[in-house]
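Asks: This is the structure I want to talk about, given as structure tokens.
The values are calculated or read from the model by the stated rules, or taken from the named source; none is laboratory data. Here the structure is a predicted model, which means the values were calculated and not measured. Backbone-built Cβ (ideal geometry, glycine too); neighbour counts: all protein chains shown.
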Amino acid sequence: MDYADIREAIYDQLCTNVTGIHDSSSPPVCKVFWGWTAPADTEKPFIVLTITGTLPSLNTPLGMFIQIDVDVFGGEGNILDIDPVADEVISALHNQSFTTPTGKVIRPEFRRDTRVDSWSEEFRANVIHMRFMIPTDLWT
């Protein structure tokens, strides 16, 4: 499995389809970070993307799922401010087929029981956590 290929495809999908996660520079820079690389002073809202493991498929003994965690970080004032960003993340990824740089077509599935509110003391931020699964046996 080429994890870099998957990361790049998801990064591109989020940067293209989620509004409000670009900084104010010219040209704007997308504020999607790989796990643990976001600077503590990053302008909010922003997204942290991590691959959290692989799981065997429940449907076929040969398939695998890659777990992708997406965390939306927002200001400390009101978590309601980042609900629309989290909704856009789900719309951008859930059941959307898109092609990785090496030509694999992937289709992430949002796990609806994984949307969890939390708090990050490091970033002084409200966080909405979401998990997506990518069935690798369906790659074309």
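Asks: Given the criterion more than 16 Å from residue 126 (Cα to Cα) and modelled with pLDDT under 90, identify the matching residue among 52, 37.
Replies: 52
Asks: Another question, then. Spot the failing condition for residue 104; the list is (1) within 19 Å of residue 64 (Cα to Cα); (2) touching a strand residue (DSSP E or B) at 6+ places or on another chain (Cβ under 8 Å), and only one is missed.
Replies: (2)
Asks: Looking only at residues in region 106-133 that are of a type in the set (Phe, Trp, Tyr) and not in a loop (DSSP other than H, G, I, E, B), which one is nearest to the chain's Cα centre (by Cα)?
Replies: 132
Asks: Only one residue in 77, 103 is closer than 21 Å to residue 12 by Cβ, assigned to a loop (DSSP other than H, G, I, E, B) and more than 14 Å from the chain's Cα centre (by Cα). Which one?
Replies: Residue meeting the stated conditions: 103.
Asks: Can residue 95 be described as among the polar types (S, T, N, Q), modelled with pLDDT of 90 or more and not in a loop (DSSP other than H, G, I, E, B)?
Replies: The answer is no for residue 95.
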